[in-house]
Amino acid sequence: MSRSVLDMSMSLDGYVADPNDYLGGEGGERLHKWADAQTGPVQQFQSEWKAAGAILAGRRTAELMDHWGGDHGGAPIFVPSHRPPSPAARWIHPLVTYVNDGIASAMAQAKSAAGDRDVQVRGGAYTVQKALEAGVLDEVQIHHIPVLLGAGHRLFDVLPSEIELEIIQVIDTPQATHIRYRVRY
């Protein structure tokens, strides 16, 4: 059975992007340097990313990443959005599907496309918050980076209520502490 798994790098003070929403600028790039290491844990995470059956991504994230060139390692991409896709997303990227009837529908379509493989959730913060609110996010994997950015966009800034998590895995490396949680609704 397909699981939906958020996989996100985050500063210790909760930021996932710099103040301009750009993951590669200012402090944002610092959040992803851990993935350059060729250690066992990094290879494990890369294998998980490559094995995903589908991707669910927030509109801003998908557009900032130029829809990952139209697919994410061959996996289809689902983007929940209240607005129609840009012409590039609609015509140039046939494996990118914009879903305009809510996060639950987008996740259901992504899980259907993924089959028995996982759906990797690729942010942004608003999309993650809506997925938690709708009860459609199964697991949260956070790569805690030992830095305090002090500004930017926080992943869990607005939540509908308290949400219980169960720790299912912790991997500590010099570059990051990787914690995987099961969401308990």
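Taking the chain, how much of its Cα-Cα pair set, in percent, is spaced more than 28 angstrom apart?
19
Treat every Asp and Glu Cβ in the chain as -1 and every Lys and Arg Cβ as +1, leave all other atoms uncharged, and give the resulting dipole magnitude about the Cα centre to the nearest 20 debye.
That gives a dipole near 380 debye.
At 0.36 nm per residue, minus the direct Cα-Cα distance, what do Q46 and S86 gain on full extension? Give it in nm, one decimal, please.
Full extension of this stretch gives 11.5 nm more.
Using alpha carbon coordinates only, what is the Rg to Rh ratio of segment 75-185, with Rh defined as the Kirkwood radius?
Result: Rg/Rh = 1.00.
Using a Gaussian network for the chain with springs between C-alpha atoms less than 10 Å apart, which of these wobbles most: A37, A108, A62?
Looking only at A37, A108, A62, the largest GNM fluctuation is found for A37.
Per DSSP H run of at least 4 residues, take -39500 (n - 2.57); add these up for the chain, divide by its residues and hand me the 222 nm value, nearest 500 deg cm²/dmol.
Helix contribution divided over all residues of the chain: -6500 deg cm²/dmol.
Taking the simple approach of a point 7 Å from Cα along Cα-to-Cβ for both D71 and A108, what is their distance in nm?
Label-label distance for D71 and A108, simple model: 2.6 nm.
Every number in this text was worked out from the coordinates using simple rules, so none of it is lab data. Since this is a predicted model, take the numbers as computed values, not measurements. No Cβ is skipped: glycine too gets one built from the backbone with ideal geometry, and neighbour counts run over all protein chains shown.
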